[in-house]
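A.B. asks: Structure below; questions to follow.
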Amino acid sequence: MVKMQHKFPQGFLWGGAIAASQADGGFREDQKGMSIADFHPYRNIKNRDDRKEDSTIRNDENFLVIEPGLYYPKQHGVDFYHRFEEDLGLMEEMGFKAFRTSFDWSRIYPKGDEEEPNEAGLRYYDRLITSIRSHGMEPFMTISHYEMPVHLVKKYGGWLNRSLVDFFAAYCNTLFERYHGQIKYWIVFNQINLTTFNSLGILGNRAKNFMEAEYQGVHHQFLACARAKELAGKYKGQIRVGTMLSDKLAYPATCRPEDMLFNMRKNQMQYFFPDVQLRGSYPAYAFRFFEENHINIHIDPEDERLLRENPMDFLSTSYYYTKINDSLKNTYAPMDKSTNPYLEKTEWGWEIDPIGLRVNLNHYSDRYPGVPIYITENGYGAVDRLEKDGAVHDPYRIDYLRQHVIQMKEAIADGVPLKGYMMWTPMDIVSCSSAEMKKRYGLIYVDQDDEGNGSGQRYRKDSFYWYQKVIESNGEEL
């Protein structure tokens, strides 16, 4: 008889995650091109409710300009580009087993459509990956994390253009050929379901039906993932290619049948992304959604074969909060949800729901039996205070992470094949959604403000020492 798993398994990948566009800096160094993230300015908006989560690019070409007098934090990050040895040393001190970051597409192919990669950009990643491994960590690399070369947006219209599948496949081929013996785990697209961020690079003024354009762009990203998996095949299992979701499964507002049905249908269009990528075909519910919303997706027979023969190897998710779907208040727009009155919130209005993590992990495990699952983002954004003695006391972050780790352990006891946890983030970085520094997630405090002022010095927070003990005890000492 198989017994219940009461502990985190041996070899569990404890670690943390960042993104190149939010941490690296090194803007324009070594022939780096402009990415869509480089155009995201910091704006001092007092009312947090007014901050829109369109983190990288608005739906118009007017956004793709640099305005004089504005500060663009993602061009500078927290100087990880020059300080990665120091930062990785601190992660090793915490005991990290894995570290997730991203390749910057615009650093390797500055325009995105070149025939040959930028060797200077690749040499940076040679050094970085070697360092990650020398510090005892498994590199967990994202191929595209909102760092699309802006040239691909301006000339081709982003992922609405099928040409990007070939450009991206060439990019993947370059990475796989160079790093297949050093990197085992690859996430193709960060949070592939967050089309509201317009990480697709689609310009609204070029699309007659913007929702249709979004799903056509998503289809092209599905093809790009399948092409990546196909390319990985020649390395005989050395490369594991996975998909990543922003976990947006929601609860029904009530047990009214109308709310249950409404919630089921909205959740289906979140499952849509892993359903296609793990099951290898478009589900019937998606075709109904497309018909009801006047969406016509162009899918070739060859596309169907490519998706069917190249399912992803693992599922990874980011998890921060949950919402509810109310059939009387909300629409079918993915982000149009209501607040759960039973949950407390962070300073940025994100509901805190550790039990929801266990619930959703079980949903994924039941839906995709046998597929390994990794949590590749989970964390608590807050305003932290650096004391005169260099201490940062963040009990709120420790409590948030502790409660989520407890529920991860419960999910493992439920039978969920959870293989790793990369919290967001090891050190403070620029916020994806609002391009500010004050929204800090790190276990390491970075002395830098919203406009880039500060020494850049790193300080260990109380949560640094807490997580160190968690990893050392393999999740037993919380």
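A.B. asks: Counting only residues that are of a type in the set (Gly, Ala, Ser) and open to solvent by less than 20 Å² (accessible area, probe 1.4 Å), which one in the range 370-385 is farthest from the chain's Cα centre (by Cα)? I'd like the intermediate steps shown before the answer.
C.D. replies: First pass over the range 370-385, keeping only residues of a type in the set (Gly, Ala, Ser): 370, 379, 381-382.
Subset that is open to solvent by less than 20 Å² (accessible area, probe 1.4 Å): 379, 381-382.
Numbers: 379: 12, 381: 15, 382: 19 Å.
Among residues in the range 370-385 that are of a type in the set (Gly, Ala, Ser) and open to solvent by less than 20 Å² (accessible area, probe 1.4 Å), the one farthest from the chain's Cα centre (by Cα) is 382.
A.B. asks: Can you tell me which residues in the range 408-434 are over 13 Å from residue 361 (Cβ atoms) and not aromatic (Phe, Trp, Tyr)? Don't jump to the end; show me each part of the working.
C.D. replies: First, pick out the residues of the range 408-434 that are over 13 Å from residue 361 (Cβ atoms): 422-434.
Selection gives 422, 423, 425, 426, 427, 428, 429, 430, 431, 432, 433, 434.
Residues checked against (1) at pLDDT below 95; (2) touching a strand residue (DSSP E or B) at 6+ places or on another chain (Cβ under 8 Å); (3) open to solvent by less than 50 Å² (accessible area, probe 1.4 Å):
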{"residue": "81", "(1), (2), (3)": "no, no, yes"}
{"residue": "95", "(1), (2), (3)": "no, yes, yes"}
{"residue": "107", "(1), (2), (3)": "no, no, yes"}
{"residue": "115", "(1), (2), (3)": "no, no, no"}
{"residue": "131", "(1), (2), (3)": "no, no, yes"}
{"residue": "140", "(1), (2), (3)": "no, yes, yes"}
{"residue": "144", "(1), (2), (3)": "no, yes, yes"}
{"residue": "164", "(1), (2), (3)": "no, no, yes"}
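A.B. asks: Let me ask you something else. If we scan the range 415-426, do we find a residue that is over 20 Å from the mean Cα position of the chain (by Cα) and either open to solvent by less than 20 Å² (accessible area, probe 1.4 Å) or within 30 Å of residue 85 (Cα to Cα) (or both)?
C.D. replies: Taking every residue of the range 415-426 in turn, at least one turns out to be over 20 Å from the mean Cα position of the chain (by Cα) and either open to solvent by less than 20 Å² (accessible area, probe 1.4 Å) or within 30 Å of residue 85 (Cα to Cα) (or both).
A.B. asks: Can you find even one residue in the range 205-213 that is buried (at least 22 other Cβ atoms within 10 Å of the Cβ), touching a residue at least 24 places away in the same chain (Cβ under 8 Å) and in contact with an Asp or Glu (Cβ under 7 Å, 6 or more places away or on another chain)? Talk me through it step by step, then tell me what you get.
C.D. replies: Step one: list which residues in the range 205-213 are buried (at least 22 other Cβ atoms within 10 Å of the Cβ), which gives 213.
When the remaining residues are screened for being touching a residue at least 24 places away in the same chain (Cβ under 8 Å), the result is 213.
This time we only want the ones that are in contact with an Asp or Glu (Cβ under 7 Å, 6 or more places away or on another chain), so: none.
So far as the range 205-213 goes, no, none of its residues is buried (at least 22 other Cβ atoms within 10 Å of the Cβ), touching a residue at least 24 places away in the same chain (Cβ under 8 Å) and in contact with an Asp or Glu (Cβ under 7 Å, 6 or more places away or on another chain).
A.B. asks: Additional query: Could you check, for the range 220-236, whether at least one of its residues is in a loop (DSSP other than H, G, I, E, B) and either at pLDDT below 95 or more than 30 Å from residue 330 (Cβ to Cβ) (or both)? Quick ask: steps written out before the conclusion?
C.D. replies: Taking the range 220-236 and keeping what is in a loop (DSSP other than H, G, I, E, B), we get 236.
Then drop every residue that is not either at pLDDT below 95 or more than 30 Å from residue 330 (Cβ to Cβ) (or both), which leaves 236.
Yes: one or more hits.
A.B. asks: Collect the residues in the range 214-239 that are without any contact (Cβ under 8 Å) to a residue 40 or more places away in the chain and either open to solvent by 50 Å² or more (accessible area, probe 1.4 Å) or in contact with a strand residue (DSSP E or B) (Cβ under 7 Å, 6 or more places away or on another chain) (or both), keeping them in residue-number order.
C.D. replies: Answer for the range 214-239, where residues must be without any contact (Cβ under 8 Å) to a residue 40 or more places away in the chain and either open to solvent by 50 Å² or more (accessible area, probe 1.4 Å) or in contact with a strand residue (DSSP E or B) (Cβ under 7 Å, 6 or more places away or on another chain) (or both): 234, 236, 237.
A.B. asks: For residues that are assigned to a helix (DSSP H, G or I) and farther than 30 Å from residue 345 by Cα, scanning just the range 40-77, find the one that is modelled with the lowest pLDDT. Walk me through how you get there before you give the answer.
C.D. replies: If we filter the range 40-77 for residues that are assigned to a helix (DSSP H, G or I), which is where we start, we get 48-50, 61-63, 73-75.
Checking which are farther than 30 Å from residue 345 by Cα leaves us with 61-63, 75.
Details: 61: 67, 62: 70, 63: 77, 75: 96.
Here the residue is 61.
A.B. asks: Another one. Please go through the range 438-463 and give me each residue that is more than 12 Å from residue 428 (Cα to Cα) and crowded, with 18+ Cβ neighbours inside 10 Å, ordered by number.
C.D. replies: Restricting attention to the range 438-463, the residues satisfying the condition of being more than 12 Å from residue 428 (Cα to Cα) are 451-455, 462-463.
Passing the criteria: 452, 463.
A.B. asks: Tally the residues that are in a loop (DSSP other than H, G, I, E, B), open to solvent by 20 Å² or more (accessible area, probe 1.4 Å), without any contact (Cβ under 8 Å) to a residue 60 or more places away in the chain and within 21 Å of residue 402 (Cα to Cα), restricting the search to the range 347-369.
C.D. replies: Keep residues of the range 347-369 that are in a loop (DSSP other than H, G, I, E, B), which gives 347-350, 352-353, 368-369.
Now drop any that are not open to solvent by 20 Å² or more (accessible area, probe 1.4 Å), which leaves 347-350, 352, 369.
From the residues that got through so far, the ones that are without any contact (Cβ under 8 Å) to a residue 60 or more places away in the chain too are 350, 352, 369.
Of the ones still in play, those that are also within 21 Å of residue 402 (Cα to Cα) are 350, 352.
The qualifying residues number 2.
A.B. asks: Check 200, 249 and return the single one that is surrounded by 21 or more Cβ atoms within 10 Å (Cβ to Cβ), under 19 Å from the mean Cα position of the chain (by Cα) and part of a loop (DSSP other than H, G, I, E, B). Write out each step before concluding.
C.D. replies: Working: 249 fails: surrounded by 21 or more Cβ atoms within 10 Å (Cβ to Cβ).
Within the list 200, 249, the selection yields 200.
A.B. asks: Hand me the list of helices (runs of 4 or more DSSP H) wholly inside the range 78-191 holding 2 or more residues that are hydroxyl-bearing (Ser, Thr, Tyr) and touching an Asp or Glu at 6+ places or on another chain (Cβ under 9 Å).
C.D. replies: Values: elements: 80-94, 105-108, 119-134, 150-156, 163-179.
In the range 78-191, the matching helices (runs of 4 or more DSSP H) lie at 119-134, 163-179.
A.B. asks: Right, something else. Filter the range 123-154 for residues that are charged (D, E, K, R) and closer than 17 Å to residue 97 by Cα and give the result.
C.D. replies: 133, 138
The values are calculated or read from the model by the stated rules, or taken from the named source; none is laboratory data. Everything numeric here is computed off the predicted structure, so don't read it as measured data. Here the Cβ is made from the backbone with ideal geometry for all residues, glycine too, and neighbour counts use every protein chain on show. We work out accessible area using only protein heavy atoms, side chains counted, and drop any ligands, DNA or RNA first. Shrake-Rupley method; radii C 1.70, N 1.55, O 1.52, S 1.80 Å.
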